[in-house]
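First comes the structure, then the notes that go with it.
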Amino acid sequence: MANGWQYWLYGPGSAASNVTKIPNVTAAQTALIAVEYAKYVAEWTVEFEPLYTSLRYTHGVPEDLTMPMSQWLSSHGYVALLTIMEAGMVPYGYGDATQTPAIYMLQYFTPDVLGAFLRVSPGYIVVYVAQLGCCYNDQVGLLTINPSDFHKVFVHYSESVKGPVHVNASVTKIDRSGSAPIVTYGSNATQTCADVTLAFAPTRESPSY
């Protein structure tokens, strides 16, 4: 981890357990986090939200937002927020702050979402209930919950999908000129969709696609 706190170390054997306790936050760190959160909200609202929260990167992606999130935080004078953001990145599949580009994490860490991890605003995360075999949303910090990786979430969702699910398909074209988007994939096969969601791997190269 970027800050050296190894939260997710596991002992030997088939049964995984967290063998490393998360260090307690000191009063000084709490005060610093509060100051940095207020600064982040102001900076995010004024500089990031107007240009980079809509669909597609219509304003391009500046070099400042392609650097890793940890480097972006450091270059903007943030010292304490990295610890909180890592707790909201690694368990939910967003990678390491030393590798994931800033633009992805700034889109993810809206003031409300970051505030939820700081317990200063209500927020919701997707959790998987092993006993019930289902997914639901619950407020962060209010109940003991069991966060799931997204694979389990999509496996559960796929059970409700009627029709084939195509994986490892090369998409060559998306036509949005009509009333519904049409996706061309594979050997010139097409599919008309109600909606299209694009997801890119959180790498430094992806924002240039």
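Read the figures in this text as sums done on the coordinates, not as results from a lab. None of the values given here were measured: they were computed from a predicted structure. No Cβ is skipped: glycine too gets one built from the backbone with ideal geometry, and neighbour counts run over all protein chains shown.
Worth pointing out:
- Summed over all non-identical Cα pairs, the Kirkwood treatment of segment 35-120 gives a radius of 13.0 Å.
- From most to least packed by mean Cβ count within 10 Å, the peptides 63-69, 90-96 give 63-69, 90-96.
- Segment 44-49 - phi-based ³J(HN,Hα) in whole Hz, Karplus 6.51/-1.76/1.60, Gly and Pro as x: 4, 5, 7, 9, 9, 4
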